[in-house]
Each structure stands twice: as C-alpha cells, then as structure tokens.
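Enquirer: I have a structure I would like to understand better, so I am pasting it below and will then ask my questions one at a time.
What follows draws every value from the coordinates through simple rules; no lab data is involved. Small disclaimer: the values here were computed from a predicted structure and weren't measured. Heads up, the Cβs are rebuilt from the backbone with ideal geometry, glycines too, and the neighbour counts pull from every protein chain shown.
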Amino acid sequence: MKVRVSTIAVVIAVGLALSGLACGSSPTTASTVASVAVTGSAPAVGATAQFTAKTTMSDGTTQDVTSSATWQTSDATIATVSAAGVVTGVAAGAVSVTATYQSISGSDQITVAAGQP
C-alpha cells in the first residue's frame with residue numbers, strides 16, 4: 001500500500017511540474033501606451049475635419065484610439081473638437097488639438113484659415 005501511495009504522489013508531482021512548463025511559467029508584461037500621435041488637416045472657419053489619435057505601445061505596436069481618446073483644443077474661440085475627434089473651425093488663428101488616452105497626450109498644432117467669402 002505504501003508503494004502505491006508513493007507512486008501516485010510522484011505521478012501527481014510530475015504532472016503538476018509538466019503543466020507549469022506547458023502553460024509557460026515566465027511572466028508576461030502588459031504592453032503600455034508609450035505615445036499618442038494626433039493627425040488631421042486644419043479646417044477653415046465654419047468647416048469641419050476629422051482628426052485621428054493613434055497610440056504606439058511599449059511593444060512597438062500601434063492602435064487607433066480616436067473614439068476612445070479624450071479630445072480638447074487649446075482655444076475654443078478658434079476651434080472646437082468633438083468627442084469623436086471632429087474639429088470645427090470657429091475663427092482664424094493657431095490652436096493645438098490634443099488627444100489623451102490612458103493619461104498619455106499627443107497634440108497637433110494647426111492654423112484655422114478664414115473661410116471663403
């Protein structure tokens with residue numbers, strides 16, 4: 001009886017050791033946001049333009065986070081931006097369009113031109 005219990009214990013120990021190897025015992029590191037890039041073309045006064053926000057992750061991959069980012073402009077009297085990244089020209093001038101994703105921000109400096117008469 002003692003031999004049988006010892007054999008079962010060894011089989012269980014070997015099985016657990018092998019399952020640990022099969023599952024990969026090395027720790028994995030989650031990829032984090034390294035940077036945010038904002039791109040788009042400046043609209044004229046009274047016009048709109050879609051801007052995009054793309055992240056570069058710490059593992060080198062990129063993701064489009066346009067719809068997940070928080071958007072703002074540096075001067076709402078020159079341009080506004082919607083939650084979807086649509087910029088509206090309000091008055092002629094220079095303004096910064098910023099997108100923030102997971103506490104990391106990126107900006108694009110644009111110049112809103114006067115509309116066509």
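Enquirer: Limiting things to C-alpha atoms, what are the Rg and the maximum Cα-Cα separation (Dmax) for the stretch 33-112, in angstroms?
Expert: 12.3, 40
Enquirer: Amide H neighbours of V90 under 5 Å, counting only residues 5+ apart in sequence or on other chains, H built in-plane at 1.01 Å?
Expert: Hits under the 5 Å cutoff: G46, A79, T80.
Enquirer: In addition: Modelled label-to-label distance, S35 and T111, 7 Å Cα→beta-carbon offset: nm?
Expert: 2.4
Enquirer: Using the basic label-point model (7 angstrom from Cα toward the beta carbon), what is the S103 to V86 distance in nanometres?
Expert: 3.2
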